[in-house]
Amino acid sequence: LARRMVEAGCRFVGVDAPGWDVHFNCFPSLKTDLIPYADRAFAALISDLDRRGMLDTTLVIMMGEMGRTPRVTKEAGRDHWSMAQSICFAGGGVKPGQVLGATDKQAAYPSTEPIGVADVLKTLFHQMGIDTTKQYQDPLGRPVPILDGGKVISGLLA
């Protein structure tokens, strides 16, 4: 469906997969309910876009709203953790097959220069041709920037 929306001219398509907020006994649901479906859906979308010659012009980003605690809790779950997370980029002018950034050995904190939310957004908007220095005015006439800060993620783009 996401590919069909892109073919129809949508410039931005969001796909939501709820149920990832597993704070206790997370491993059975991750193994059987969450990871296999997400893995198949992501792979199918990338393969489908590539087969149709659309992957080079379609940026696909797979991410959550935050990372998870590096240590499993006593309830066999993982809580919210904003210090580190993984994000997958594919297509849309991204160099394939690379890993950017690193964390410490506990996967708790960045050990290289951190990449923040504003950086991800700046990169996404850059690839969409959106000028992030532009400002709009709210109903009261106050300037509202498209994006406050951020930089295009170095080394990500082809």
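Determine whether THR69 is touching an Asp or Glu at 6+ places or on another chain (Cβ under 6 Å) and at pLDDT below 95.
On the way: touching an Asp or Glu at 6+ places or on another chain (Cβ under 6 Å): yes; at pLDDT below 95: yes.
Answer is yes for this residue.
Based on what the data block shows, is PHE12 open to solvent by 90 Å² or more (accessible area, probe 1.4 Å), modelled with pLDDT under 95, under 18 Å from LEU121 (Cβ atoms) and assigned to a loop (DSSP other than H, G, I, E, B)? Give the derivation first.
Values: open to solvent by 90 Å² or more (accessible area, probe 1.4 Å): yes; modelled with pLDDT under 95: yes; under 18 Å from LEU121 (Cβ atoms): yes; assigned to a loop (DSSP other than H, G, I, E, B): yes.
It is true that PHE12 is open to solvent by 90 Å² or more (accessible area, probe 1.4 Å), modelled with pLDDT under 95, under 18 Å from LEU121 (Cβ atoms) and assigned to a loop (DSSP other than H, G, I, E, B).
Can you name the strands (runs of 3 or more DSSP E) wholly within the range 45-158 that have at least 3 residues being under 19 Å from the mean Cα position of the chain (by Cα) and buried (at least 16 other Cβ atoms within 10 Å of the Cβ)? Even if it seems obvious, please write down each step before you answer.
Working: elements: 59-62, 88-91, 135-137, 143-145.
The strands (runs of 3 or more DSSP E) meeting that bar are 59-62, 88-91.
Can you tell me which of THR132, THR112 is out of contact with any strand residue (DSSP E or B) (no Cβ under 6 Å at 6 or more places or on another chain) and under 21 Å from MET83 (Cα atoms)? So that I can check it myself, show each step before the final result.
On the way: THR132 fails: under 21 Å from MET83 (Cα atoms).
Testing whether each residue is out of contact with any strand residue (DSSP E or B) (no Cβ under 6 Å at 6 or more places or on another chain) and under 21 Å from MET83 (Cα atoms) leaves just THR112.
The values are calculated or read from the model by the stated rules, or taken from the named source; none is laboratory data. These numbers come from a predicted model, not from an experiment. Methodologically, a virtual Cβ is constructed for each residue, glycine included, from the backbone with ideal geometry; neighbour enumeration extends over all protein chains shown. When the accessible area is computed, the model is the full protein with side chains, heavy atoms only, and any ligands, DNA or RNA have been set aside. Shrake-Rupley method; radii C 1.70, N 1.55, O 1.52, S 1.80 Å.
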